[in-house]
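Worksheet: one structure, shown below.
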There are 2 protein chains.
Amino acid sequence: MRYAFAKRVRHLQSSAVRDILKVVGKGNVISFAGGMPDDELFPLDGVREAFENTFATGKKPLQYIETEGYLPLREVLVERMGRKGITNYDASEILLTTGSQQAIDLFSRVMFNKGDIILTENPTYLAALQVFESYEANIIPVDSDEDGMLADDLERKIKKYKPKCIYVVPTFSNPAGKVWSMERRRHLIQLAHKYHVMIFEDDPYGDIQFNMEETYTPIAALDDGTHVLYTSTFSKTVVPALRTGWIAGPHQIIRIMSQAKQANDLHSNSLSQQALYHMCQDFDLDGHIEKLRTVYQSRMEIMLEELEKADLPGLSYVVPKGGMFFWIQLDERIDTSELLNVAVKKGVAFVPGAPFYVGKDVQKNALRLNFTHATPEKLRKGMGLLTSVIKEHYLEV
Amino acid sequence: MRYAFAKRVRHLQSSAVRDILKVVGKGNVISFAGGMPDDELFPLDGVREAFENTFATGKKPLQYIETEGYLPLREVLVERMGRKGITNYDASEILLTTGSQQAIDLFSRVMFNKGDIILTENPTYLAALQVFESYEANIIPVDSDEDGMLADDLERKIKKYKPKCIYVVPTFSNPAGKVWSMERRRHLIQLAHKYHVMIFEDDPYGDIQFNMEETYTPIAALDDGTHVLYTSTFSKTVVPALRTGWIAGPHQIIRIMSQAKQANDLHSNSLSQQALYHMCQDFDLDGHIEKLRTVYQSRMEIMLEELEKADLPGLSYVVPKGGMFFWIQLDERIDTSELLNVAVKKGVAFVPGAPFYVGKDVQKNALRLNFTHATPEKLRKGMGLLTSVIKEHYLEV
């Protein structure tokens, strides 16, 4: 039988990240591809104890709950966001989701008609681009530098395109690994208020900060609770398998997103939400995050050392101040999508730059390297493999 | 700020089930409303042990997995569906979802353009109607009797409307609690092949069967693997909080649904999938389901006894052969939506019939009663309250 799919299916395709996760699953390849934390750093005992504490309260945690998610966990999140200066939202203005991916999807579902405009950085998170495209939104990239979107181009494009939303990953962005300056953050929120545009602030990596003497105020903390949706997740700081993220925002938007979520999946896994609540209460989550920062910073430094040692002509990059990624540009003649095939055969994987770009202005010589998943030994070995593959490739072009 | 939502938001609204779950959450009301299993019957020790067995395997179960879900659980489901005669699908043709609700949503997402036609029973599962409406599909009800959709009306409407899909809950339907006859099942699959229409078979309740001497073959077992999507869930047989359902179907459709799921939430809670795998291996799930059947049948019989005892004029119903619901009609002058307000004040809740209907042909005198959530004592007390509320209401109309 020939199946007739919906038109929106055209915009769905298996992502590079997904295909590469499959390669990685098969074993011998050292992967700098996915945005994965290191299994070895997972707080297994803490997670186990949190589940045990949940089971100890009886059978009620196993029943259906309300779509918005387990209320005590939402209350904990009010307090934890408050420490970052985000004080506009109470527990009723938080929706627990299946990872922050679902927050991006539900927001898009309630917000975008076909042809609605969304402004993004370029490059930006590829799975967000996939979602926006699946709702047939029109994505317009804004010119950026190391400090964030360029003020002039941003205002010009807001005026020209009248976007419904501006999607940003301002703190340790994916893939570029950069941090927006305070000035650019303030400017963005001013423009959002001036022109009545929503900001969607995606902050999965904010806690993985290396230099704790610097402060990167979330954009949601600069708002008055009317123009910003803020999403984050426990996937990077606790474990991914619990698939627990959240989104906070204006009451009216969160309420409609809850209705969309009810149609989508009724509610997310509530046993995990209850275990995460116990973890926030009984486990030293902040101490654990501190440990992750230290270990991941040291791994970033190993990768940096290997990059410096490799002495690749035409190489450029910004040293990440946090998060999980190095974003590097090679000599302009190198197409990293072609390079990936060779690299995987030699035993090392990464994500080529192209899928992170909107439109035609693609840097084919860029690639994203994750430094959190591999052990120091594998980091050195993998970087050795990668730099030798690049050097061989240089001779050919 | 005035927020501009997508047009599809018009079709989203808080459902009666959801509003009533909120009432129930507040305590003193005896609820026959939601499709909830009884907390007291949850296999807490089995669940706890399954998680413990998962944690005992180390840290890997806490990492990201592929979108389709934990492969060994999908392999167990191949075997379990095989016992029901569903043998067309291998593990690659199964997608693990966040409850079967997400399976309905993802299917609709990849299948329906605005205005596409879907045929349903009338009344039918209200949260499926909500999903179809949110994708702006056009829902056409087919006339039914106790044995399923009427053959003539079904064929006439297939020819007239050229539907993309026929949505059915053939075994212990929600809300009507009925079982399709074998003849009607065969007829449905014949028509699907003749006219090239997909069948979406929603089977959350199939395991809650009272008379094990009867056989209710799933429609998917009558197909050759080309025309049926089959969805079910662990929410009714194990526990709802794990939010684990699945969908099996033709490879091409499952593959595209996986891509939609990747955009929607990357993957469902994989720790729970692994615990459910251990439960299927180490816990006597079939013995547990046998126990649920016995207890739930005895509760259905208590409700039946109370209904008979009440001697309500104009009352009609079909005795359920399984599942979780009694579907009853009162005297035609009674509007059960109005009755609900009075009933809740007196301490008992149910779902009025109206939201389960498509179009204007609504039986306002119908209501759905769940018999699985309340204890026998509460069942008797709640039925006493309800029948006295109905009798008082009769005097007024």
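The values are calculated or read from the model by the stated rules, or taken from the named source; none is laboratory data. On a predicted model such as this, the values are computed, not experimentally measured, just so you know. We place every Cβ from the backbone using ideal geometry, glycine too, and count neighbours over all the protein chains shown.
Would you mind finding the one in A:Gly384, A:Gly359 that is on the phi > 0 side of the Ramachandran plot and outside any strand (DSSP E or B)?
A:Gly359
A:Tyr296 passes all but one of (1) in the same structural domain as A:Thr57 (by TED's automatic domain parsing); (2) among the aromatic types (Phe, Trp, Tyr); (3) part of a helix (DSSP H, G or I); which number fails?
In the conditions (1) in the same structural domain as A:Thr57 (by TED's automatic domain parsing); (2) among the aromatic types (Phe, Trp, Tyr); (3) part of a helix (DSSP H, G or I), A:Tyr296 misses (1) alone.
Among the residues of region B:107-116, how many are within 8 Å of chain A (Cβ to nearest Cβ) and touching a residue at least 60 places away in the same chain (Cβ under 8 Å)?
Within region B:107-116, residues that are within 8 Å of chain A (Cβ to nearest Cβ) and touching a residue at least 60 places away in the same chain (Cβ under 8 Å) number 3.
Any chance you could count how many residues in region A:42-60 are among the aliphatic types (A, V, I, L, M) and either more than 8 Å from chain B (Cβ to nearest Cβ) or under 30 Å from A:Glu214 (Cα atoms) (or both)?
2
Can you name every residue in region B:99-133 that is under 17 Å from B:Pro170 (Cα atoms) and not small (Gly, Ala, Ser)?
Within region B:99-133, B:Gln101, B:Ile104, B:Ile118, B:Leu119, B:Thr120, B:Glu121, B:Asn122, B:Pro123, B:Thr124, B:Tyr125, B:Leu126, B:Leu129 qualify.
Among (1) assigned to a helix (DSSP H, G or I); (2) closer than 30 Å to B:Ser272 by Cα, there is one condition A:Arg185 misses while meeting the rest; what is its number?
If we test A:Arg185 against (1) assigned to a helix (DSSP H, G or I); (2) closer than 30 Å to B:Ser272 by Cα, just (2) comes out false.
Mind checking whether some residue in region B:209-223 is farther than 21 Å from B:Ala128 by Cβ, small (Gly, Ala, Ser) and in contact with a helix residue (DSSP H, G or I) (Cβ under 8 Å, 6 or more places away or on another chain)?
No, region B:209-223 has no match at all.
Identify, please: which residue in region A:61-100 is more than 23 Å from the chain's Cα centre (by Cα) and within 9 Å of chain B (Cβ to nearest Cβ) and is, among those, surrounded by the most Cβ atoms within 10 Å (Cβ to Cβ)?
A:Pro61
Would you mind stating whether A:Glu75 is in a loop (DSSP other than H, G, I, E, B), farther than 14 Å from A:Asp202 by Cβ and modelled with pLDDT of 95 or more?
So A:Glu75 fails the test.
Go through B:Gly384, B:Gly353, B:Gly359 for me and flag whichever is in contact (Cβ under 8 Å) with a residue 60 or more places away in the chain and either within 18 Å of B:Pro320 (Cα to Cα) or aliphatic (A, V, I, L, M) (or both).
Only one candidate qualifies: B:Gly353.
List the number of the failed condition for B:Asp143; all other conditions in (1) crowded, with 21+ Cβ neighbours inside 10 Å; (2) without any contact (Cβ under 8 Å) to a residue 40 or more places away in the chain; (3) among the acidic types (Asp, Glu) hold.
Evaluating B:Asp143 over (1) crowded, with 21+ Cβ neighbours inside 10 Å; (2) without any contact (Cβ under 8 Å) to a residue 40 or more places away in the chain; (3) among the acidic types (Asp, Glu) leaves (1) as the failure.
Please pick out the residue among B:Ala127, B:Ala176, B:Ala103 that is buried (at least 24 other Cβ atoms within 10 Å of the Cβ) and either assigned to a helix (DSSP H, G or I) or within 14 Å of another protein chain (Cβ to nearest Cβ) (or both).
Only one candidate qualifies: B:Ala103.
Filter region B:243-271 down to residues that are touching a strand residue (DSSP E or B) at 6+ places or on another chain (Cβ under 6 Å) and at the interface with chain A (Cβ under 8 Å from one of its Cβ atoms) and give me whichever is nearest to A:Asn264 (Cα to Cα).
Checking each candidate, the answer is B:Asp265.
Need the failing condition index for A:Arg293 against (1) on the phi > 0 side of the Ramachandran plot; (2) surrounded by fewer than 22 Cβ atoms within 10 Å (Cβ to Cβ), just the number.
(1)
What about A:Arg243, is it touching a residue at least 24 places away in the same chain (Cβ under 8 Å), of a type in the set (Lys, Arg) and in contact with a Ser or Thr (Cβ under 7 Å, 6 or more places away or on another chain)?
yes
What is the number of the single condition among (1) in a helix (DSSP H, G or I); (2) surrounded by fewer than 23 Cβ atoms within 10 Å (Cβ to Cβ); (3) in contact (Cβ under 8 Å) with a residue 60 or more places away in the chain; (4) not β-branched (Val, Ile, Thr) that B:Glu392 does not meet?
It is condition (3) that B:Glu392 fails.
Starting from residues that are in contact with a strand residue (DSSP E or B) (Cβ under 8 Å, 6 or more places away or on another chain) and more than 11 Å from chain B (Cβ to nearest Cβ), keep the ones in region A:192-206 and report whichever is farthest from B:Lys60 (Cα to Cα).
Restricting to residues being in contact with a strand residue (DSSP E or B) (Cβ under 8 Å, 6 or more places away or on another chain) and more than 11 Å from chain B (Cβ to nearest Cβ), the top hit is A:Ile199.
Going through region A:354-371 one residue at a time, which ones are within 19 Å of A:Gln130 (Cβ to Cβ), charged (D, E, K, R) and modelled with pLDDT under 95?
A:Lys360, A:Asp361
Residue check, A:Leu119 against (1) away from chain B (no Cβ under 14 Å); (2) assigned to a loop (DSSP other than H, G, I, E, B); (3) more than 20 Å from A:Phe326 (Cα to Cα), all met but one. Which one?
Every listed condition holds for A:Leu119 apart from (2).
Which is among the small types (Gly, Ala, Ser) and under 26 Å from A:Tyr216 (Cα atoms), of A:Gly85, A:Gly58?
That would be A:Gly85, the only listed residue that is among the small types (Gly, Ala, Ser) and under 26 Å from A:Tyr216 (Cα atoms).
Can you pull out the residues in region A:362-379 that are touching a residue at least 60 places away in the same chain (Cβ under 8 Å) and either surrounded by fewer than 19 Cβ atoms within 10 Å (Cβ to Cβ) or at positive phi (or both)?
Scanning region A:362-379 gives A:Gln363, A:Thr375, A:Pro376, A:Lys378.
Restricting to region A:324-356, name every residue that is assigned to a strand (DSSP E or B) and either more than 15 Å from A:Tyr125 (Cα to Cα) or not assigned by TED's automatic domain parsing to the domain that holds A:Arg299 (or both).
Matches in region A:324-356: A:Ile328, A:Gln329, A:Val348, A:Ala349.
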